[in-house]
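Scroll down for the structure; my scribbles are underneath it.
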Amino acid sequence: MSAAPAGPTPGFLVWRLANKWRVAVDRAVAPLDLTHAKYALVASLYGMHHAGERPSQRQLADHTGMEALYVSKLARALEADGLVERARDPRDPRAMRLALTERGLDVTGRAVVVVRELVERLLEPLGGLDGPGTRAFTDELLALLDVPLAPSPPDDRTPRRTTP
């Protein structure tokens, strides 16, 4: 058995950084009545809107890396807040298409500016948002995100069927 690593593991550091940034974004967008999770959805919709897209909830889940059920819950909350419009897809009645409302475009535009300023500050140790250290860090994060998740192990508590 190998010795315990000296210092924190990469997984622990990724977890700490993700939590630190989530808290920072939560605080930054709170005056706009957003949370980090809601911001992730509306900011993604904002970018997709400017690219001429109106994604389904499933497409938005895939884009953000969030579970589809969570995206559905957030989309309903954002709809109640008047920021998002949900509409049935005429080609697939099971799918919901999402778009920002006029108010959603306004609030999200302001939130994007606030978060961009925050990220610029958080990335200052790497040379800022456009610095070479940030570009290298982004490339490394993309490489890690490209690694597929291992399939879930079978649930050992579930009885297995046997063929007679």
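The values are calculated or read from the model by the stated rules, or taken from the named source; none is laboratory data. Keep in mind that what you see is a predicted model, and the values were worked out from it rather than measured. Heads up, the Cβs are rebuilt from the backbone with ideal geometry, glycines too, and the neighbour counts pull from every protein chain shown. Calculation scope for accessible area: heavy atoms of the full protein, side chains included, ligands and nucleic acids excluded. Shrake-Rupley method; radii C 1.70, N 1.55, O 1.52, S 1.80 Å.
Measuring r between the beta carbons of R116 and R88 and using R0 = 35 Å, the FRET efficiency lands at 0.55. In this structure D81 has an accessible area near 60 Å², from a 1.4 Å probe over the protein heavy atoms. 3J(HN,Hα) along region 58-70: 5, 5, 5, 4, 4, 5, 8, x, 8, 5, 4, 5, 5 Hz, from the Karplus curve 6.51 cos²θ - 1.76 cosθ + 1.60 with θ = phi - 60°, whole Hz, x for Gly and Pro. 3J(HN,Hα) couplings calculated from phi for region 8-17 with the Karplus curve 6.51 cos²θ - 1.76 cosθ + 1.60 (θ = phi - 60°) are, in sequence order, x, 7, x, x, 5, 5, 4, 4, 4, 5 Hz; Gly and Pro show x. Summarising the label geometry, the points placed 7 Å from Cα in the beta-carbon direction at K20 and A95 lie 4.0 nm from one another. Calculated from the structure at hand, Kirkwood radius over Cα pairs in Å is found among (1) 18.6; (2) 17.8; (3) 15.6 as (1). Between amide H atoms placed 1.01 Å from N, distances below 5 Å from V84 occur with E79, T101, all of them 5 or more places distant or on a separate chain. Mean sequence separation of contacting Cα pairs (under 8 Å, at least six apart), scaled by the length of region 1-143, corresponds to a relative contact order of 20 percent.
Placing dummy labels 7 Å off each Cα toward the beta-carbon, the span from T9 to V147 is 1.1 nm.
Summed over qualifying helices (DSSP H, 4 residues or more, each -39500 (n - 2.57)) and divided by its residue number, the chain shows a 222 nm mean residue ellipticity of -18000 deg cm²/dmol.
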